[in-house]
Amino acid sequence: MSDRSRRPRPVGPLPALLVLALTACGDPLGLPPATQPTVELSFTLYALTGTPVGTASAFNLVTQTAQRTDRTIDFDFAVDLVGGAAGDSTVVILPRGALGFQADGGAQLVAAPFDSVLLAPTTGYAQDIPLAVDSGDVVVVASRLQQCNFGINRPRYAKLSVESVDRVLRSVTFKIRIDPNCGYRGLGPGIPTN
């Protein structure tokens, strides 16, 4: 046998991919470490009905922006005021499934103050029905599934506080803290670890 036949052959990028795959397997989420801190901001949405077309009625958790539903379906939830007279109407958060889109993502009320909600739950989200809320309520929302890493699909999570409701203008103002790291559920300040 010649020396040439005993030399190891280069195997290309396979070892690097194997190391990355094994590293991901050691993480229970199957994701690389989070790198971005959570983001807190305020925004106002206007009811889907009874407001001018040019007002934003929905929110996209991935881009962290309010959206007009006449221009895009690229959003995770919308709001409306329904039933009763103007002063008596009920605020509802509408997950995509409640609007006839694929039931992906969702929302749920939590019985805790905004600052106490540090981790989004993995289950219990209303996906295809409206969720009635009012001033002071805290809601956890999950986005549509996003491709995070190596084909792993997970949502992004956020918590909302209903700061105020203007039933005359038919608007709702929210405070939100978004975890921009795909698949992570941390809703406290800083870079999430869960």
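The values are calculated or read from the model by the stated rules, or taken from the named source; none is laboratory data. What you are looking at is a predicted structure, and each value in this text was computed from that prediction instead of being measured. Here the Cβ positions follow ideal geometry from the backbone for every residue, glycine too, while neighbour counts run over all protein chains shown.
Return yes when ALA86 is out of contact with any helix residue (DSSP H, G or I) (no Cβ under 8 Å at 6 or more places or on another chain) and either modelled with pLDDT of 95 or more or of a type outside the set (Gly, Ala, Ser) (or both) and no when it is not. Don't jump to the end; show me each part of the working.
Working: out of contact with any helix residue (DSSP H, G or I) (no Cβ under 8 Å at 6 or more places or on another chain): yes; either modelled with pLDDT of 95 or more or of a type outside the set (Gly, Ala, Ser) (or both): no.
So ALA86 does not fit the description; no.
Collect the residues in the range 43-65 that are surrounded by 19 or more Cβ atoms within 10 Å (Cβ to Cβ) and under 19 Å from VAL82 (Cα atoms), keeping them in residue-number order.
Kept after step one, since they are surrounded by 19 or more Cβ atoms within 10 Å (Cβ to Cβ), are these residues of the range 43-65: 45-48, 56-59, 61.
Those that are surrounded by 19 or more Cβ atoms within 10 Å (Cβ to Cβ) and under 19 Å from VAL82 (Cα atoms): LEU45, TYR46, ALA47, LEU48, ALA56, SER57, ALA58, PHE59.
Take the residues in the range 94-108 that are over 13 Å from the mean Cα position of the chain (by Cα) and outside any loop (DSSP other than H, G, I, E, B); name whichever of them is surrounded by the most Cβ atoms within 10 Å (Cβ to Cβ). Steps first, answer last, please.
Within the range 94-108, the subset over 13 Å from the mean Cα position of the chain (by Cα) is 94, 97-103.
If we keep only those that are outside any loop (DSSP other than H, G, I, E, B) as well, we get 94, 97-99.
Details: LEU94: 24, GLY97: 17, ALA98: 21, LEU99: 18.
Only one residue tops the list, namely LEU94.
Residue under question is THR122, and the condition is that it be within 14 Å of LEU45 (Cβ to Cβ) and either surrounded by fewer than 16 Cβ atoms within 10 Å (Cβ to Cβ) or free of Cβ contacts under 8 Å to residues at least 12 places away in the same chain (or both); does it hold?
Values: within 14 Å of LEU45 (Cβ to Cβ): no; either surrounded by fewer than 16 Cβ atoms within 10 Å (Cβ to Cβ) or free of Cβ contacts under 8 Å to residues at least 12 places away in the same chain (or both): yes.
Against the criterion (within 14 Å of LEU45 (Cβ to Cβ) and either surrounded by fewer than 16 Cβ atoms within 10 Å (Cβ to Cβ) or free of Cβ contacts under 8 Å to residues at least 12 places away in the same chain (or both)), THR122 does not qualify.
Pick out the one residue from ASP179, ASP137 that is over 28 Å from VAL53 (Cα atoms), acidic (Asp, Glu) and modelled with pLDDT of 95 or more. Talk me through it step by step, then tell me what you get.
Values: ASP137 fails: over 28 Å from VAL53 (Cα atoms).
Checking each option against the conditions leaves just ASP179.
Of the numbered conditions (1) closer than 29 Å to GLU163 by Cβ; (2) at pLDDT below 50, ALA47 satisfies every one except a single condition; which is it?
Among (1) closer than 29 Å to GLU163 by Cβ; (2) at pLDDT below 50, ALA47 violates only (2).
Which pairs have Cβ atoms under 7 Å, sit 6 or more apart or on different chains, and link a residue in the range 43-54 that is of a type in the set (Gly, Ala, Ser) to one that is surrounded by 16 or more Cβ atoms within 10 Å (Cβ to Cβ)?
Filtered contacts from the range 43-54: ALA47/SER57; ALA47/VAL79; ALA47/ASP80; ALA47/LEU81; ALA47/ARG170; GLY50/ARG170.
Condition first: among the acidic types (Asp, Glu) and surrounded by fewer than 18 Cβ atoms within 10 Å (Cβ to Cβ). Now tell me which residues in the range 78-93 satisfy that. Steps first, answer last, please.
Residues of the range 78-93 that are among the acidic types (Asp, Glu), as a first pass: 80, 88.
The one that is among the acidic types (Asp, Glu) and surrounded by fewer than 18 Cβ atoms within 10 Å (Cβ to Cβ): ASP88.
Cβ-Cβ under 8 Å, sequence separation 6+ or interchain: first residue in the range 75-92 and within 14 Å of ILE129 (Cα to Cα), partner surrounded by 15 or more Cβ atoms within 10 Å (Cβ to Cβ) and of a type in the set (Asp, Glu). Which pairs?
From the range 75-92, the pairs are VAL91/ASP80; VAL92/ASP80.
Using the structure shown, decide if ALA111 is within 22 Å of ASP166 (Cα to Cα) and surrounded by fewer than 23 Cβ atoms within 10 Å (Cβ to Cβ). Outline the logic, then answer.
Working: within 22 Å of ASP166 (Cα to Cα): no; surrounded by fewer than 23 Cβ atoms within 10 Å (Cβ to Cβ): yes.
So ALA111 fails the test.
Answer with yes or no whether ALA132 is touching a Lys or Arg at 6+ places or on another chain (Cβ under 7 Å), among the small types (Gly, Ala, Ser) and either within 15 Å of ASP166 (Cβ to Cβ) or loosely packed, with under 15 Cβ neighbours inside 10 Å (or both).
On the way: touching a Lys or Arg at 6+ places or on another chain (Cβ under 7 Å): no; among the small types (Gly, Ala, Ser): yes; either within 15 Å of ASP166 (Cβ to Cβ) or loosely packed, with under 15 Cβ neighbours inside 10 Å (or both): yes.
No: the conditions fail for ALA132.
Residues that are among the hydrophobic types (A, V, I, L, M, F, W, C): find the strands (runs of 3 or more DSSP E) completely inside the range 119-185 holding 3 or more of those. Spell out how you get there, then give the answer.
Working: elements: 131-133, 138-142, 146-149, 152-154, 157-166, 171-179.
In the range 119-185, the matching strands (runs of 3 or more DSSP E) lie at 131-133, 138-142, 157-166, 171-179.
So, of the residues in the range 50-83 that are within 14 Å of the chain's Cα centre (by Cα) and among the acidic types (Asp, Glu), which turns out to be modelled with the highest pLDDT?
This residue is ASP76.
State all residues of the range 44-61 that are among the β-branched types (Val, Ile, Thr) and assigned to a loop (DSSP other than H, G, I, E, B); if no residue qualifies, say none. Spell out the reasoning first.
Of the range 44-61, the ones among the β-branched types (Val, Ile, Thr) are 44, 49, 51, 53, 55.
Across the range 44-61, the qualifying residues are THR49, THR51, VAL53, THR55.
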